[in-house]
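In what follows, a structure is listed as structure tokens, so that the remarks can point back to it.
The values are calculated or read from the model by the stated rules, or taken from the named source; none is laboratory data. What you are looking at is a predicted structure, and each value in this text was computed from that prediction instead of being measured. FYI the Cβ positions are ideal-geometry reconstructions off the backbone, even for glycines, and counts take in every protein chain you see. The area values use the complete protein model at the heavy-atom level, side chains included, leaving out ligands, DNA and RNA. Shrake-Rupley method; radii C 1.70, N 1.55, O 1.52, S 1.80 Å.
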Amino acid sequence: MIVRRRNGILPETELQWEACMNNRKKVKLFFRLSWKTVPAYILMLVLYTVISGGQVVVNVVLPKFLIDELTGNREMERLLLFGGLVVLANLFFAWMNRLMKRCMDVQNVFVSQKMEQLLGEKIMSLPYMRLEEPYYLDLKERASFAFENQQAMRNMIIGLAELLQKGSTLLGLTVIMVTLSPVLVAVLLLLVGLMLLLQKRLAVYQGKIHDMILPLNRRYGYYVTRAFDGELQKDIRLYDMAGMIGERVDWYNHDMTNTFDRFRKQEGFFLGLYGVINDLQAAISYGYVGLRVITDWFGGRMGLGSFTMYVNAAVQFSTNITEFGQRVINLQKLLGYLDPFMELMELPEEGRDGEGVELEGPVESIAFENVDFTYPGTEKKVLDQVSFSVKKGEKIAVVGLNGAGKTTLIKLLCRLYQPQSGRILVNGRDITEYGHGSYMRQLAAVFQDYRLLDITIGENISCRAPGEDEGTVKKLVSQVGLAEKMEELPRGISTLLGREYDEEGTELSGGQQQKVAIARALYKNASLIILDEPTSALDPLAEAEIYENFNELAGGRTALYISHRMSSSVFCDKVLVIDGGRVADFAPHEELMKKEGSLYQRMFHAQAENYA
């Protein structure tokens, strides 16, 4: 097989070497993450390896001396000594093994969960733009699939422990076997190599089946999940979609069953050959050692003690080296499953606290200077040479037709994306120069697709533990118009949002949830408030109430908000009109209404006529 590269041709041997280096790199990354999160686990792994390997070697060697004494002089003191050593050694190793296994079982679960936590933290620390790109969304999905569906990390942790244990056992057994016959060791290794080759081919085939199953499983999982999705049940019943969804589930299930059926047949063939070779190994080992007892064809005859030791060593050697190879192949497979996780963990992160200049004090000014932006993977400019400036305390309405670039402008200001050219300045400094944490502390935003959690209403507002700063939360609840609703609830702001986990929870309407989101933004007490369609789910009266009180709610803070309801512009100091990614106008409402035929005037009159 030849694979072409930009710089020439890469032979298959080099590909194998590169794959080996990549696997080593992944294992090193795994140990680095483990040491970073649970250093005691690595030390326990080493101790477990030594103890497990020592038990096998001791049980092979000690019985030799006991049997030799039983068939020889039969001195009582020596019999008691060797018998006692065998019993005590096994008691010690049995106790240590149980203790270490229990500790390792706990640590394996803990390390696996810590790795999942690291994955979540990593996703949270990635630049937001990565989470909207299809490649990185797929990478995140594949990394999560390896954890949740294949238990790849847990199996890898267990596999590494077993691999090290088999390796330490083999080291001791090899020393014993070489003293018997290097030729026998070579023959056993040859047969083991043949077995590993069969296992390798089966693992490769299994990898191909996995690649075929993964997209089918995603689609199968998608339709099964939709069938249980509470938010879709109304539409499923109203439009009679149950039959269609059921047919999709049956089709993908049938396809996966056929694929697994082909794999099981192939697996049976390989395992049959594997069993034949394994029996051949045992026959050669027993035959050779037996001949050494009754003949001197291959060297001096050996006693029953040596016979027992070498037979045990040969059997243990064959078993352990086969299992060692199996662990190696299995780990290679697991490392393949964990490729997305490893790639994700090495992605550059968003700037952390301590990096960049500290944004001290409130936002005094905002300035966009010739900002251009195009979403990754597209060619059309969403923002084109956008320039405007905002002073401290100003309330700015951002209006424009759908797709004009309003929300994108806000995302850039929130550092969710970075412009291709131009600069965004806060207090006269490029926002990318500020430390991420200090910058974000000065921003509070409510987007169209905001989310609330199934925790208490108060926790959703404060994002803190229950009971903290209840006075401020209750004040904000009243200011956004939720006081009456809270009085209806037995637990008030301590009521759980949603009934999925608590029958006494409450289901708020869309408008009420939006008010909770606005209260959360105000609670943060940031110096810049950004609201993207903040009243889209509110009725006209509630909307008017929010707008009329908005200046009071925002206080002296700078505020930017997007709304398709033009009446909201009346309450603002200025209106920023975006048309096709460019700034069409930027002036107070009264001034813009005097511009005959302007986009803003046409939009305002069109909406006013509909209301009339």
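Could you calculate the contour length gain from E121 to D372, that is, 0.36 nm times the residue separation minus the distance between their Cα atoms, to one decimal place in nm?
Values: separation 251, 0.36 × 251 = 90.36 nm, distance 3.09 nm.
Value of the extension gain: 87.3 nm.
Mind checking which aspartates and glutamates have their Cα closer than 17 Å to the Cα of K208? Skip sequence neighbours fewer than 8 apart in that chain. Within the straight-line limit of under 17 Å, K208 reaches these aspartates and glutamates: D255, D261, E267, D339. By accessible area, using a 1.4 Å probe on protein heavy atoms only, the chain has 56% of its surface on carbon and sulfur. Membrane-span-like helices in the chain (whole DSSP H runs, Cα extent of at least 15 Å along the helix axis, mean Kyte-Doolittle hydropathy of at least 1.0): 39-70, 152-180.
Paramagnetic label reach from Q420 (point 7 Å along Cα→Cβ; backbone nitrogen cut-off under 17 Å): within the range 362-395, residues 369-387.
If you take every residue apart from N258 with its C-beta less than 12 Å away from the C-beta of N258, what net charge results, scoring Lys and Arg +1 and Asp and Glu -1?
Numbers: positive: R262, R264, K265; negative: D255, D261.
Within the 12 Å Cβ shell, the charges total +1.
Applying both filters, DSSP loop and at most 16 other Cβ atoms within 10 Å, to the trypsin sites (Lys or Arg not before Pro) of the range 250-333 gives R301. Fully extending the segment from L131 to V183 would add 12.9 nm, taking 0.36 nm per residue of separation and subtracting the current Cα-Cα distance. Remark: the D250-E596 segment gains 118.4 nm on full extension, using 0.36 nm per residue and subtracting the alpha carbon distance. Extending 7 Å from the Cα toward the beta-carbon at both Y501 and S387 defines two label points whose distance is 5.1 nm.
For H254, the solvent-accessible surface with a 1.4 Å probe is about 110 Å², rounded to the nearest 10.
Working value for the range 265-393: equivalent-ellipsoid semi-axes of 75, 21, 9 Å, each the square root of 5 times a Cα gyration tensor eigenvalue, largest first.
Once R0 is set to 35 Å, what does the formula 1/(1 + (r/R0)^6) return for the Cβ-Cβ distance between L273 and K36, expressed as a FRET efficiency to the nearest 0.05? Kindly include the intermediate steps, with their values, before the conclusion.
Working: r = 43 Å, r/R0 = 1.23.
The pair L273/K36 has a calculated efficiency of 0.20.
Excluding same-chain neighbours fewer than eight residues apart, the lysines reachable from K166 by a Cα-Cα span under 17 Å are K101. Note on D449/E349: beta-carbon distance plugged into 1/(1 + (r/R0)^6) with R0 of 25 Å gives a FRET efficiency of 0.60. For T179, the accessible surface of its heavy atoms amounts to roughly 90 Å² (probe 1.4 Å, protein chains only, rounded to the nearest 10). Computed per residue of the chain from DSSP H runs no shorter than four, each worth -39500 (n - 2.57), the mean residue ellipticity at 222 nm is -21000 deg cm²/dmol. Listed by chain and number, the lysines placed with their C-alpha closer than 20 angstrom to that of K395 are K406, K411, K515, K524, K574; residues fewer than eight positions away on the same chain are left out. Among the listed values [x] -0.34, -0.47, -1.07; [y] -0.22, -0.32, -1.09; [z] -0.40, -0.54, -1.20, the one computed from these coordinates for log10 I(q)/I(0) by the Debye sum over Cα atoms at q = 0.05, 0.06, 0.11 Å⁻¹ is [z]. Residue-normalised convex hull volume from the C-alpha trace of the range 178-276: 114 Å³ per residue. With protein chains left intact and a 1.4 Å probe, residues in the chain average 54 Å² of accessible area per residue. The label-point distance for Q113 and C463, in a model that sets each label 7 Å from Cα toward Cβ, rounds to 2.5 nm. In this structure Y239 has an accessible area near 150 Å², from a 1.4 Å probe over the protein heavy atoms.
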